[in-house]
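The next block holds one structure in the form of structure tokens; read it before the comments.
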Amino acid sequence: RAHALTTAFGQGVSRSPSGHTHLVDALQRATNPAFEIVICGDRKDPKTQALIRTVRTSAPARSSVLLIEPGTQGKAVRTLAPFTENHLMIDGQPTAYVCQDHQCQMPTSDVKELVRQLTAQPPSKSENSATKRER
């Protein structure tokens, strides 16, 4: 569908990109992965900072990132984003959760694993649909 839309509206977008911002956004959403990333840890902790740097350099552009700090700031974020209630530091270490379509990968405190999770190619929507039909 995204390809058909690109073909149908491509010339119009080329002539007037600012007039087609919603279309371009929809095409990006349909063709590019986006993640919800939750980092749990103290922003002053070098390990938390390493996770944040990794997300800044490796996450797809449309990803959403939340930092959940210990204490009242973290409680405020959890109030605004209640889905983070069970996102916690593991073994007292800053921890990252990489989620897509409300499904999270295994939490990690390891920068290399975080890069792997952020750069792994997710199955396409058509592959997901085929897998669901097979079940």
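The values are calculated or read from the model by the stated rules, or taken from the named source; none is laboratory data. Owing to the predicted nature of the structure, the values given are computational and were not obtained by experimental measurement. So basically every Cβ, Gly included, is an ideal-geometry build from the backbone, and we count neighbours across all protein chains shown.
Some observations on this one:
- Exclusive hit being over 13 Å from the mean Cα position of the chain (by Cα) and over 30 Å from S109 (Cβ atoms), set A30, A50: A30
- From the options V38, V65, residue that is in contact with a Leu (Cβ under 7 Å, 6 or more places away or on another chain), within 15 Å of L114 (Cα to Cα) and part of a strand (DSSP E or B): V38
- Residue match in the stretch 70-81 (condition: at pLDDT 95 or above, surrounded by 15 or more Cβ atoms within 10 Å (Cβ to Cβ) and not in a helix (DSSP H, G or I)): no
- Candidate set from the stretch 64-92 (those that are β-branched (V, I, T) and touching a strand residue (DSSP E or B) at 6+ places or on another chain (Cβ under 9 Å)); member that is farthest from I37 (Cα to Cα): I90
- P94, sole failed condition from (1) in contact with a Lys or Arg (Cβ under 7 Å, 6 or more places away or on another chain); (2) surrounded by fewer than 19 Cβ atoms within 10 Å (Cβ to Cβ); (3) not β-branched (V, I, T): (2)
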